[in-house]
Amino acid sequence: MDLNYSAEELAFREEVREFLREELPTDLSDAVREGRSIGKEGHERWHSILNARGWLAPNWPRAYGGCAWNAVQRHIFEEECCRAHAPRIVPFGLTMLGPVLQKFGSDAQRDYFLPRILSGEHWWCQGYSEPGAGSDLASLRTRAVRDGDHYVVNGQKTWTTLGQYANWIFCLVRTDPDAKQQEGISFLLIDMDTPGIEVRPIILLDGTHEVNEVWFTDVRVPVENLVGEENQGWTYAKYLLTHERTNIAGVGFSQAGLDAVKRLARQQMHRGRPLAENSHFAARLAQVEIDLMAMATTNLRIISAAAAGQAPGVESSMLKVKGTEIRQEINDLARRAAGAHAMPFASEALEDDNSNLAQPEGTAAVSAQYFNNRKLSIFGGSNEIQKNIIAKVKLGGRT
Ligand SMILES: Cc1cc2nc3c(=O)[nH]c(=O)nc-3n(C[C@H](O)[C@H](O)[C@H](O)COP(=O)(O)OP(=O)(O)OC[C@H]3O[C@@H](n4cnc5c(N)ncnc54)[C@H](O)[C@@H]3O)c2cc1C
């Protein structure tokens, strides 16, 4: 196993850097660096820039308009995008639904939906979780009953990220209430403009509107919007989750976060000396940096194995747990480094007009990021569930 980059890979990294230097709008990278929201317009702008370059769908085959990059190229691209503070690509259509339609969708679904994901005409959201069906997803209760050439959907989804911007939602629905839990579930594509759908905001700890409840009352969905076979949705749902967990280690995000904490700790004074020289703070900073370096190497090892054709198994659970613990520790260090400036958390400080408020540079967003990133250890399969998976595989079922 060779963990060094080849000459081609280094050339590719240079190409990505040049593209980001030339094409990434400064207002977007400034907002990302300062932890401000870029809104729907910002996401759509970056989406079209990547689409114009043909770099929007790293994991899609070329036949569908993707880049067909290997695991190393994807890693390099993600690392450089984080370093340059590029906006995160909203994953629901591109990373999650796209691969499901490519593998299990009908020709008509592929022809209709895939180009619209790339063009940005369709903004997708994910309708999996329900109250009482998160970790135990298979207990979901949203019902779809066949009525002629439609399904009639009733129920509620929750935690639907950016559902307020979406015009389509992919949903897991129960089509056979008498079958064993996993066997009575189907995968439906639903136009959010259909009568009977209501999106209600949930406000997160940092005061932002990022997630929603989505309610369905007698929503009529054409049967051609069923993916694959009725009652086989669990298979497609699991396949999608393997794609949800790509880039789970978040090495690039942590590296960018760590650089920001170091900058802040050099500026902030503690008893007349820069905080970076405080032995307690420096020890915590060193520990998280060591953890990050170790994880980055593990990540490369897994990527290298994937490039050689081995599918990552329990390793992705290990990366999820460690990666999110590291990001949360970095957020905590940033909050501590900002000290009193982190206490009066004012979401207004993150709005465009107030970005020049007098305060040490880099402190406006630390509380918001600290609160917002509590989510990291919950979504994408909570860390406790990942630990169960690791224990089951590594301890041979003794959980
Ligand atoms: C910010 C955010 C965005 C999200 N976006 C989406 C989205 O777009 N679409 C979507 O469908 N879902 C989304 N989710 C939902 C997410 O997938 C669920 O929150 C997650 O699966 C956990 O489910 P739950 O919240 O119902 O918690 P529960 O499953 O009720 O778990 C509560 C606690 O108990 C622990 N626990 C549960 N079972 C076990 C067990 N067997 N062993 C040990 N511990 C256990 C969990 O780890 C957790 O700490 C989002 C969540 C958040 C926080």
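The values are calculated or read from the model by the stated rules, or taken from the named source; none is laboratory data. Keep in mind the model is a prediction, meaning the values are calculated, not measured. Positions of Cβ are backbone-derived with ideal geometry, glycine not excepted, and every protein chain shown enters the neighbour counts. Side chains included, ligands, DNA and RNA excluded: accessible areas come from the protein's heavy atoms. Shrake-Rupley method; radii C 1.70, N 1.55, O 1.52, S 1.80 Å.
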Quiz item: Considering only protein heavy atoms and a 1.4 Å probe, what is the carbon-and-sulfur percentage of the accessible area of the chain?
Solution: 50
Quiz item: Per residue, what accessible area does segment 129-241 have, given a 1.4 Å probe and all protein chains present, in Å²?
Solution: 45
Practice problem: Might you work out the accessible area of V321 for me, using a 1.4 Å probe with all protein chains in place, and round it to the nearest 10 Å²? | Solution: 10
Quiz item: Which entries in the list K157/K387; K103/K322; K180/K375; K322/K394; K103/K394 go over 22 Å, if you measure between the two C-alpha atoms of each?
Solution: K157/K387; K103/K322; K180/K375; K103/K394
Quiz item: Just how much of K103 is accessible, in Å², when a 1.4 Å probe is used and the result is rounded to the nearest 10?
Solution: 120
Exercise. For the chain, state the average projected area of the convex hull of the C-alpha atoms over all orientations, rounded to one decimal in nm².
Key: 21.4
Quiz item: Any idea what angle helix 314-338 forms with the longest principal axis of the chain, computed on alpha-carbon atoms, 0 to 90 degrees, nearest 10?
Solution: 40
Practice problem: Could you tell me which of L94, F77, V221 has its Cα farthest along the dipole of the chain towards the positive end, charges placed at Cβ (Lys, Arg +1; Asp, Glu -1), taken about the Cα centre? | Solution: F77
Self-check item: Inverse of mean 1/r across different Cα pairs in segment 116-176, Kirkwood, Å
Solution: 12.7
Quiz item: For segment 52-135, what does the equivalent ellipsoid look like in terms of its semi-axes, each the square root of 5 times an eigenvalue of the Cα gyration tensor, given largest first in whole Å?
Solution: 22, 19, 12
Practice problem: Starting from the Cα gyration tensor of segment 193-271, take the square roots of the eigenvalues, sort them a ≥ b ≥ c, and report rounded, prolate or oblate (rounded when a/c is under 1.5, otherwise prolate if a/b is larger than b/c, else oblate). | Solution: oblate
Practice problem: Quick one: dipole size for the chain, taken about the Cα centre, charges +1 on Lys/Arg Cβ and -1 on Asp/Glu Cβ, in debye to the nearest 20. | Solution: 1420
Quiz item: To the nearest 10 degrees, how steeply does helix 251-267 sit against the main Cα axis of the chain, on a 0 to 90 scale?
Solution: 30
Practice problem: Can you quote the Å³ per residue value for the convex hull of the Cα atoms in segment 1-145, rounded to an integer? | Solution: 175
Quiz item: In whole Hz, what ³J(HN,Hα) sequence does segment 386-395 give by Karplus (6.51, -1.76, 1.60; θ = phi - 60°), x for Gly and Pro?
Solution: 4, 5, 4, 5, 4, 4, 4, 6, 7, 9
Self-check item: Tilt relative to the chain, helix 7-23 - C-alpha long axis, 0 to 90 degrees, to 10
Solution: 90
Quiz prompt | Convex hull volume of segment 95-139 per residue (C-alpha atoms, cubic angstrom) | solution = 93
Quiz item: Can you list the aspartates and glutamates whose alpha carbon is less than 20 Å from that of K262, not counting same-chain residues fewer than 8 positions off?
Solution: D30, E34, E79, E80, E277, E289, D291, E325, E329, D332, E361
Quiz item: Which of the aspartates and glutamates could be linked to K320 by a straight reach, that is with a Cα gap under 12 Å, when you skip same-chain ones fewer than 8 residues away?
Solution: E244, E384
